[in-house]
């Protein structure tokens with residue numbers, strides 16, 4: 001699982017990150033397997049050469065995201081079991097961003113891990129951070145209780161459950177204001193920056209070709225390389241935000257918090273571009289099949 005997690009470090013917009021996004025969006029819909037040629041063709045629509053794509057495919061294979069598999073003599077790739085689980089969880093997170101209400105419970109994770117297990121301690125902190133937990137103290141972390149199942153999975157995977165205690169609680173009682181406490185427990189400035197970058201890059205009139213919305217509400221888009229590229233770049237930029245943004249209640253957040261605007265923009269892009277992009281991929285794969293048959 002940790003090898004799969006490493007892929008979250010891929011910089012959005014990089015070849016590896018874009019390839020991971022294409023695979024996450026379309027490989028499962030293609031029956032769980034896609035030929036190398038098809039993957040290269042789709043990446044070419046994003047401006048990536050076949051040579052660079054094949055290098056990135058090798059990188060994802062080494063990270064246990066992909067398995068190389070030939071079908072009827074055609075080279076291609078399928079997902080590893082760990083990657084399939086990660087993508088299913090990612091779907092839920094990406095398309096259903098969290099938003100706590102003031103009455104929702106919290107989860108506190110207390111742990112004491114000896115120095116002999118310091119590598120596991122490092123992995124635990126890293127993975128808690130990646131799912132949106134905040135740091136109250138070195139051995140005390142906090143997150144919405146909706147994440148407790150994922151916390152339990154991480155502890156079990158690292159074989160650290162016996163060294164941790166989980167508390168479910170109402171809103172913590174802090175010495176100062178809730179906004180000040182939240183700013184200490186999470187890097188909210190960094191998360192706000194991710195939202196603002198997304199809004200700037202993919203909002204209306206961005207002019208960069210990666211995120212301009214339809215000019216008129218209800219306008220339908222035709223399947224095209226441009227629609228495909230727009231949608232992939234959108235998902236690639238967005239996909240890490242719902243992991244790092246814990247979806248805190250409004251009384252924990254500054255007044256100018258951009259999260260709601262970012263979520264609304266993302267929803268509009270999905271509504272406009274998801275189906276035209278998927279149709280472009282289906283057409284591309286059918287053309288490849290037709291060419292091979294002829």
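The values are calculated or read from the model by the stated rules, or taken from the named source; none is laboratory data. No experiment lies behind these values; they were computed from the predicted model shown. All Cβ positions, glycine included, derive from the backbone under ideal geometry; neighbour counts span all protein chains shown.
Yes/no matrix, rows are residues, columns are (1) at pLDDT 95 or above; (2) assigned to a helix (DSSP H, G or I); (3) assigned by TED's automatic domain parsing to the domain that holds residue 86; (4) under 18 Å from the mean Cα position of the chain (by Cα):
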| site | (1), (2), (3), (4) |
| --- | --- |
| 218 | no, no, no, no |
| 221 | no, no, no, no |
| 227 | no, yes, no, no |
| 232 | yes, yes, no, yes |
| 235 | yes, yes, no, yes |
| 243 | no, yes, no, yes |
| 246 | no, no, no, yes |
| 251 | no, yes, no, no |
| 257 | yes, no, no, no |
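Determine, yes or no, whether residue 38 is buried (at least 20 other Cβ atoms within 10 Å of the Cβ), in contact (Cβ under 8 Å) with a residue 12 or more places away in the chain and farther than 30 Å from residue 251 by Cα.
Values: buried (at least 20 other Cβ atoms within 10 Å of the Cβ): yes; in contact (Cβ under 8 Å) with a residue 12 or more places away in the chain: yes; farther than 30 Å from residue 251 by Cα: yes.
When the stated conditions are applied, residue 38 passes them.
Conditions (1) farther than 21 Å from residue 192 by Cα; (2) surrounded by fewer than 16 Cβ atoms within 10 Å (Cβ to Cβ), marked per residue:
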{"residue": "83", "(1), (2)": "yes, no"}
{"residue": "91", "(1), (2)": "yes, yes"}
{"residue": "94", "(1), (2)": "no, no"}
{"residue": "103", "(1), (2)": "yes, yes"}
{"residue": "110", "(1), (2)": "yes, yes"}
{"residue": "116", "(1), (2)": "yes, yes"}
{"residue": "137", "(1), (2)": "yes, yes"}
{"residue": "143", "(1), (2)": "no, no"}
{"residue": "152", "(1), (2)": "yes, yes"}
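Each residue in region 55-77 was checked for being touching a helix residue (DSSP H, G or I) at 6+ places or on another chain (Cβ under 7 Å) and loosely packed, with under 14 Cβ neighbours inside 10 Å, and 2 of them qualify.
Within region 98-180, considering only strands (runs of 3 or more DSSP E) that don't extend past its boundaries, which have at least 3 residues that are in contact (Cβ under 8 Å) with a residue 24 or more places away in the chain and under 21 Å from the mean Cα position of the chain (by Cα)?
Values: elements: 106-111, 134-137, 140-144, 164-169.
In region 98-180, 140-144 are the strands (runs of 3 or more DSSP E) which contain 3 or more residues that are in contact (Cβ under 8 Å) with a residue 24 or more places away in the chain and under 21 Å from the mean Cα position of the chain (by Cα).
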